[in-house]
Structure formats: C-alpha cells, structure tokens
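Structure first, then comments.
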Amino acid sequence: MPFRIFDKSISVVKQRIQSLTAEYFPLPLKNPFVLSIRTARNANVIRWRLTTDVGREFFGESVPVQYVTGETPESVLLAAPKLESLLYDRAIVDFPKYLREMESVLPDDVAARAGVEIALFNAFSDETQVSIPTLLGGANVVLETDLTIARIPNALDVARAAWQEGFRIFKMKVGGGPMEEDLDRILAIADTLIEPKFRLDANQSLTPESTLRFVEELLRNGIDLELVEQPVPKEDIVALDEIARVSPVPIIADEACRTPAEAFRLFSETAVQGVNVKLMKSGIRGAMDIIRIARAAGRKLMIGCMLEGEIGMAMSVALAASTDAFDYIDLDGHLLLDLKEPISLFRSDGPMLSVA
C-alpha cells in the first residue's frame, strides 16, 4: 500500500517552501476530559502554517500529549525554527524525502513532525491536484466512530444526548479510581439505552488481574464489550501479553505502540490482538507502515486521535476512509471540542464520518 505520491507520471509545477510557523491554539472542551492519569479542559493544539514562494498557504496541526510522546506545547513551538530551517526553499514535490530528515533532526518530536507532515501533504495535494484520499489509498468508505466518555459525573447525560444523535458505540475511560464507580457508570448507560456497545480505555491504569476481573464483571452483566485499550503500563508488554492470551475480548495496544518498530515488537513478542494508530504518535508515514505490519501479522487495527482540531481530524478521517484498513474507528476529537464553526474539511453527521 505505497503512497501514490511516488508516481513519477504526475506532472507538477514546483513550489518552494518560504516559511513555516507554529502558533498555539488552545481549544475548549465541552466537558472536562478526565482520564486515569490526567484531566484536561482544553485541547493543546499547535497550528502550523506553511507558505510557498507563490504565496500559497497550507496548514497542519500538532497536539502534543506528554504521557504518550513526551512532548508539550512548549517543546513543539521550540521545534518550529529547526523545522523551518530544514525545509526552507525546498520543493514541495520532493517532500517524501524530507520526512526522514525531520525524524533524524528531531527524533523525539513526533507530534511536531506529524503536524508539519500534514501541512506538507496538503501542499503536495494542492500542487499536483491529486486529492488526499487518492494519495493515501483511493478507497472511499464511510466510517462509524465511537464517542469517548471520560470519567465525569454527567456520563449518563452525555451518553443520552449522543444516542439521540445516532451514536451506538461508547468508549469509556476507566481506571484511576474505584472500579465500582466505573462499573456503575457503564451499567447505568447500558440500563438506559437500547443495546449500546462499549469499549474500555484504561490509559495504562490497571493490572492483568484487575483488567480481567473488570471484563468478567461487565460480561456477567450482559454488557456488549468490544475491546479493552491499553490496560497496563506501556513498558510492560509481558503483562499486555498475559492479558491478551486469556481475555475473552480483544486487547488493543495504544501508548505501547507509537512507531512501526514498536508495532513489530508487539506482534512478534505478544498475543495482543491489535494496535491503535494515531497520527500524533506516528505521523502519516509511520501510520501507513504500522498498517502494513498489522496486516502482515493478521492483527486488528484501531484509529484514534489526540483531541485534534478540524485540520488534524480531517487527515485522520482521510487516512481511515481511504485505506479501509481499520476494524475500529475512534475519531471523535472534534466532537469533544466546543467548536464555534461547523466542520467543513470532512463530513461529520453524528457518528458517521467521510471525506469531503
């Protein structure tokens, strides 16, 4: 599944990069995003602006999450001058070779590089008049996303409102507190709505024993549970393997899978059933490599997000819809934000997503 950008028959007029700037755009959330390991009230979005020598502007977004990649808004902004220096006066059409150079210069700044990569893809698409979906694979599927519900007191109200909008799958944040509270939250939603589906995301906060006890209790109560995401600390792949070998539902690695190399290790050394791919962990090129590795290993794929704004979400939707590679869709970042303007870069109708 190669990028179609390597098709040498594409005829282009070369534009050159003249500037690359980054600006912090904190975006408010509809509800506090309460996880087992942090609480957020804003999405820390860094918006990239790439300008070419003919005055065209193209945009990307980074959303650094420190507990995942070690990055902060400050570190992304500090990376901007280095990335601008690397890319200045270089031709847009040759951008694939710049991606490895960026990784070499800033190996630990994956979210920063991902935001610039999005801007470069948008610029290349404009220059060649080849759409982003075509560049990424050419499929055109409609996606059904879940809706993430944090560990908040009004979880049932959020679920009821989402149900009215057509959502049938809820990803519940769990861990970091008494299991009984999480169970009560899920059971209340299940008792109120008609046959909802659930996914659990523990963000590394459980143990093998507590994970399996949690799953067994939900199944005993008739909950339709699709998967458990990253139940144990990302470094403990032995524990991840232990759970995956006996769990009655799929175990999906998230924080433990940031790079293609980590995906290969997980599939080689553990029974984990799948991985969650996010652009802010892997970039576009890295995500495509992880897709290939997972397919070769016969494992499942989930696509998620990091509370990106419209620009970042549009690229994730395009990747998922154009590759038709993902078993589970978790692209709800824009739905959790308190956005003032309607979405225009992709289609979002309740849980249904598609490219514009």
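The values are calculated or read from the model by the stated rules, or taken from the named source; none is laboratory data. Bear in mind the structure is a predicted one, so any value in this text is a computation, not a measurement. Note that each Cβ is placed from the backbone with ideal geometry, even for glycine, and that neighbours are counted across all protein chains shown.
For this structure, a couple of remarks:
- In the stretch 233-254, residue farthest from the chain's Cα centre (by Cα) [restricted to those that are more than 26 Å from residue 196 (Cβ to Cβ) and in a loop (DSSP other than H, G, I, E, B)]: 236
- Members of the stretch 183-204 that are buried (at least 16 other Cβ atoms within 10 Å of the Cβ) and farther than 20 Å from residue 302 by Cα: 183, 185, 186, 189, 190, 193
- For the stretch 58-100, the candidate set comprises residues that are among the charged types (D, E, K, R) and modelled with pLDDT under 95; within that set, the residue that is farthest from the chain's Cα centre (by Cα) is 94.
- Residues in the stretch 259-281 that are crowded, with 23+ Cβ neighbours inside 10 Å and either over 22 Å from residue 133 (Cα atoms) or among the polar types (S, T, N, Q) (or both): 263, 266, 272, 274, 275, 276.
- Residue in the stretch 152-172 that is surrounded by fewer than 23 Cβ atoms within 10 Å (Cβ to Cβ), in contact with a Lys or Arg (Cβ under 7 Å, 6 or more places away or on another chain), farther than 17 Å from residue 225 by Cα and without any contact (Cβ under 8 Å) to a residue 40 or more places away in the chain present: yes
- Qualifying residue in the stretch 238-248 (condition: surrounded by fewer than 23 Cβ atoms within 10 Å (Cβ to Cβ), in contact with a helix residue (DSSP H, G or I) (Cβ under 9 Å, 6 or more places away or on another chain) and closer than 15 Å to residue 330 by Cβ): no
- Flag for residue 139 being assigned to a loop (DSSP other than H, G, I, E, B) and touching a helix residue (DSSP H, G or I) at 6+ places or on another chain (Cβ under 7 Å): yes
- One residue from 81, 73 being outside the structural domain of residue 200 (by TED's automatic domain parsing) and touching a residue at least 12 places away in the same chain (Cβ under 8 Å): 73
- Residues within the stretch 43-80 that are assigned to a strand (DSSP E or B) and either surrounded by 15 or more Cβ atoms within 10 Å (Cβ to Cβ) or aliphatic (A, V, I, L, M) (or both), tallied: 14
- Cβ-Cβ under 7 Å pairs, at least 6 apart or on other chains, the stretch 276-301 side closer than 17 Å to residue 96 by Cβ, far side outside any helix (DSSP H, G or I) and basic (Lys, Arg): 282/258
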